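See structure below.
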Amino acid sequence: MTPNGPTRILIADDQEDVRSGFRLILGSQPDMTVVGEAADGLTAVDLARTLRPDLILADIRMPGLDGLELTRHLAGPGVPDPMRVLVVTTFDHDDYVRTALADGACGFLLKRSGPGLLIEGVRAAMAGDVLISPQITVRLLRTLAPAPAPAPTSAPAAPTAPSPLTAREAEIARLVAEGLTNAEIGEKLFISAGTAKTHIANVQAKLKARNRVGIAAWTWENGLAGPVPGE
């Protein structure tokens, strides 16, 4: 929701069924409304400049102009009046993620992440935050895992700073770092998705993390993350 009413969204995707699905999901939210649709990147850029939506949802692979070029045109460095572009795609290549974010995208979501994360991504973008699908977060952050500790020497090791998190919150943070959604965390810990969301908000506040990516980064950097799924 903006001061002037619901968040106005433009959908850019070359598949009509995807646009229809997004329109139904977003239209079900009282604080969101779809003001336009485009099946190719060039039309999307023209509509964006005409309609001035609050947010553009853009697929990566579209005819005419792909989603990365669209992002660069509408949100990239040097754009005098940049718009918010949230990339939503089936293609989860790391170079796409880095390019999109470098060119000003306010998030990168996978279509298979589900409607809940799509809605969360829109709201995060409108709040000035950046949301990345948890599955991608795991891959991007796994390089932050600490190196093995060196062999002990005669000098005593410095005491480790205590974690600011409770045991339950540390478990929540670990599951966020593994890429689980709120619903999946709730199922794993036998709590509701709403309770999981509350725990995550508490973890964010304690860690001063901007979003789930920040939680995952802290977890990996402190050696608290479990094995990467699939390994």
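The values are calculated or read from the model by the stated rules, or taken from the named source; none is laboratory data. Just so it is clear, the structure is predicted and the values come from calculations on it, not from any experiment. Heads up, the Cβs are rebuilt from the backbone with ideal geometry, glycines too, and the neighbour counts pull from every protein chain shown. Keep in mind that these areas ignore ligands, DNA and RNA; they rest on the heavy atoms of the full protein, side chains included. Shrake-Rupley method; radii C 1.70, N 1.55, O 1.52, S 1.80 Å.
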> Can you give the % of DSSP beta bridges in the chain that are antiparallel, to the nearest 5?
Replying inline: 5 percent
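What percent does the relative contact order of the chain come to when contacts are Cα pairs within less than 8 Å and at least six residues apart?
On the way: 375 pairs, mean separation 31.2, N = 231.
Contact order relative to length: 14 percent.
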>> Taking 0.36 nm per residue of sequence separation and subtracting the Cα-Cα distance, how much length would be gained by fully extending the chain between Leu51 and Arg23, in nm to one decimal?
In response: 8.4 nm
>> Taking amide H atoms as placed 1.01 Å from N in the peptide plane, list the residues 5 or more away in sequence, or in a different chain, whose amide H sits under 5 Å from that of Ile132.
In response: Phe108, Val213
>> Connecting C-alpha atoms closer than 10 Å in a GNM of the chain, tell me which of Ala124, Ala105, Ala12 has the biggest fluctuation.
In response: Ala124
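Expressed as cubic angstrom per residue, what is the convex hull volume of the alpha carbon set of the chain?
Values: hull volume 35.1 nm³, N = 231.
Cα-based convex hull of the chain, divided per residue, equals 152 Å³.
Taking all protein chains together and a probe of 1.4 Å, list Glu184, Glu178, Glu37 from the most accessible to the least accessible. Intermediate results must be reported in sequence, preceding the final value.
On the way: Glu184 85, Glu178 30, Glu37 65 Å².
The most accessible residue leads, giving Glu184, Glu37, Glu178.
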> Can you give me the Cα centroid spacing of the range 21-37 and the range 83-97 in angstrom?
Replying inline: 20 Å
> How high is the relative contact order of the range 1-47, in percent, with contacts defined as C-alpha pairs under 8 Å that are six or more residues apart?
Replying inline: 46 percent
>> Compute a Gaussian network model of the chain, connecting alpha carbons closer than 10 Å, and tell me which residue from His199, His73, His93 fluctuates the most.
In response: His93
>> Relative contact order of the range 1-95, please, whole-number percent, based on alpha carbon pairs below 8 angstrom and at least 6 residues apart.
In response: 27 percent
> Taking the simple approach of a point 7 Å from Cα along Cα-to-Cβ for both Ala193 and Glu221, what is their distance in nm?
Replying inline: 3.0 nm
>> Which residue fluctuates most in the GNM of the chain (Cα springs below 10 Å): Ile56, Ile25, Ile132?
In response: Ile25
